[in-house]
Amino acid sequence: MNITYEVKDNEALTPVSVRAFLRSSCGVSHGLWRRLKWNGTILVNGEKVKATMATVKVGDKITCILEEESSIVPRKMPLDIRYEDEYLIVLNKPDGILVHPTGGDHDNTLGNGLKYYYQLTGQDI
């Protein structure tokens, strides 16, 4: 997961910590901040920074990179895609197909089909 934020004029009149900016201006939860701090990467203007030491100011671009491992196995299946853009995909879910893997079915879900589709089209999940 990669998310980029830009510090606007009214968000940081003086330099503030990355943590304070992400928590107050971007709505990053305490749990997500901890995951970013320990398992992720934070870039300020394209440069990797130490999460607990970095500050940001107006005009800075902050990119948060958090790799998430998935146990979902890609599976080729027909997908009825109604809409897709850079941030959203809307599917028509057929009756009888689960949305994500559960204890009883690990391989025949929309999650499996979407993972296959994203890999096929070279999109980041």
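The values are calculated or read from the model by the stated rules, or taken from the named source; none is laboratory data. All figures in this text were calculated on a predicted structure; none of them were measured in a lab. A quick note on method: Cβ atoms are made from the backbone with ideal geometry, for glycine too, and the neighbour counts reach across all protein chains shown.
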Residue under evaluation LYS57, criteria (1) modelled with pLDDT under 95; (2) not assigned by TED's automatic domain parsing to the domain that holds LEU22, criterion not met: (2)
Would you pick out the residues in segment 82-125 that are aromatic (Phe, Trp, Tyr) and assigned to a loop (DSSP other than H, G, I, E, B)? TYR87
How many residues of segment 97-125 are more than 20 Å from the chain's Cα centre (by Cα), surrounded by fewer than 14 Cβ atoms within 10 Å (Cβ to Cβ) and modelled with pLDDT of 90 or more? The answer is 0
Which ones in segment 1-22 are exposed (fewer than 15 other Cβ atoms within 10 Å of the Cβ) and in contact (Cβ under 8 Å) with a residue 40 or more places away in the chain? MET1, ASN2, ILE3, THR4, GLU6, LYS8, ASP9, LEU13, THR14, PRO15
Within segment 78-93, is even one residue modelled with pLDDT of 90 or more, farther than 26 Å from THR121 by Cβ and basic (Lys, Arg)? no
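Are any residues in segment 23-82 among the small types (Gly, Ala, Ser), surrounded by 16 or more Cβ atoms within 10 Å (Cβ to Cβ), more than 30 Å from LEU98 (Cβ to Cβ) and out of contact with any Ser or Thr (no Cβ under 8 Å at 6 or more places or on another chain), and if so, which ones?
Correct list: SER25, ALA51.
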